[in-house]
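The values are calculated or read from the model by the stated rules, or taken from the named source; none is laboratory data. Remember, it's a predicted structure, so these values are computed and weren't measured experimentally. Quick reminder, even Gly has a Cβ in these numbers, built from the backbone with ideal geometry, and neighbours come from all protein chains shown. These accessible areas exclude ligands, DNA and RNA; they are computed on the full protein's heavy atoms, side chains included. Shrake-Rupley method; radii C 1.70, N 1.55, O 1.52, S 1.80 Å.
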Amino acid sequence: MSEVGTLKKGLDIFSLLIKEPNMTISEMMNVLQYNKSTMYRLVSTLEQNEFIERTADHRYRVSTVLMSQLSGGNSYDLNWFSVPPMEQLNQQTNETIYAGVISGNKMVTTQVVSGEYYSTRTHSEVGNKKAIHANGIGKCILAYQSAEVQNQIIEQLTFEIFTSQTLTSRTDLEGELHKIREQGYAVDNEEGEIGLRCIAAPVRKNGQVIAAVALSGPSGRVSHDKDEHHAKLVKKCADAISHIMTHNL
């Protein structure tokens, strides 16, 4: 196959997923009439280069990371409507506020409003990927998914250990998810990085949790004794984003 021919077939797959997201490889083969080896090779190349991504149920869609970059830091669901509530929370706390979604078995940052304290503010940029089990936003979104989706995602996790606080097993994570649903927010208690804590709350669109927003900062400021106070503020921010997304999109 010539380079031009290969490029055209890759673009055909990409264009198809823009029009019809969440397709399996077999479904794409039926539409495009490409043979199995060609389809698998092209899909693998597109996925490796983050043009497309595989969901927990082995379907494909345009990459959240790519859509974030093309739209100036927003996913196609969590778009710029999230910024005003996030900026308000930033002004209230002077801490970094960020939003994210789950992509495959990672949390992907889609929006950031940086904290005031430059020398100690958290380092999170649009497009950054973090382990779900060691991240407040990742755990928060996962907690509100169906049992089937949770199982599919958890089966992909390697439970890499980042700090002494990192959750290291499925049992620990499932216990944490239950706690998150009960209290309505998630805590990253230095699980991804020592000295860094965050509080995350779910963002809903038409009742379904599709993202989360978090307040993040050094453990000395975002301390355990302030969790309920910070959670109240973050939940208010998440609710405001949810309202806008449900009624304005």
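From the P(r) of region 121-163, could you give the percentage of C-alpha pairs in the tail past 16 Å?
Considering region 121-163, 44 percent of its Cα-Cα pairs are separated by more than 16 Å.
Nearest 500 deg cm²/dmol is fine: what mean residue ellipticity at 222 nm does the chain get from its DSSP H runs of n ≥ 4 alone, each adding -39,500 (n - 2.57), divided by its residue count?
That calculation yields -13500 deg cm²/dmol at 222 nm.
Around N30, with a cut-off of 13 angstrom between Cβ atoms, what is the net charge of the other residues, counting Lys and Arg +1 and Asp and Glu -1?
Neighbourhood net charge equals -1.
Which of these, R181, R41, R170, has the largest mean-square fluctuation under a Gaussian network model of the chain (Cα springs below 10 Å)?
So, out of R181, R41, R170, the one fluctuating most is R41.
Computed over the Cα atoms, what is the radius of gyration of the chain divided by 2.2 N^0.38 Å, N being its residue count?
Here the Cα radius of gyration is 1.06 times the empirical estimate.
Given labels modelled 7 Å from the Cα in the Cβ direction, how far is it in nm from N128 to Q92?
2.2
Report the full-extension gain for the segment S37 to F14: residue separation times 0.36 nm, less the Cα-Cα distance, to one decimal in nm.
Contour length minus Cα-Cα distance gives 6.6 nm.
Work out the length of the dipole vector of region 131-179 about its Cα centre, built from +1 on the beta-carbon of each Lys and Arg and -1 on the beta-carbon of each Asp and Glu, and round it to the nearest 20 debye.
So the magnitude is around 120 debye.
E87: net charge of surrounding residues, Cβ under 14 Å, Lys/Arg +1, Asp/Glu -1, itself excluded?
In short, -1.
To one decimal place, what orientation-averaged projected area in nm² is obtained for the convex hull of the Cα set of region 118-224?
Result: 7.1 nm².
Mind checking which lysines have their C-alpha under 22 Å from K226, skipping anything on the same chain fewer than 8 residues away?
K139, K179, K235, K236
To the nearest whole percent, what portion of all C-alpha pairs in region 171-213 is separated by more than 15 angstrom?
51
Please compute the per residue accessible area over the chain with all protein chains in place, 1.4 Å probe, rounded to a whole number of Å².
50
To the nearest 20 debye, what is the magnitude of the charge dipole of region 120-249 about its Cα centre, counting +1 on the Cβ of each Lys and Arg and -1 on the Cβ of each Asp and Glu?
In debye, rounded to 20, region 120-249 gives about 500.
³J(HN,Hα) across region 17-22 via Karplus (A = 6.51, B = -1.76, C = 1.60, θ = phi - 60°), whole Hz, x for Gly/Pro?
Per residue, the Karplus-derived 3J(HN,Hα) values read 6, 5, 6, 10, x, 6 Hz.
Mind checking the dipole of the chain: about its Cα centre, +1 per Lys or Arg Cβ, -1 per Asp or Glu Cβ, Debye to the nearest 20?
460
Quick one: which residues, 5 or more positions from A56 or on another chain, have an amide H under 5 Å from its amide H? H modelled 1.01 Å from N in the peptide plane, none for Pro or chain starts.
When sequence neighbours closer than 5 places are left aside, the close amide H contacts are G104.
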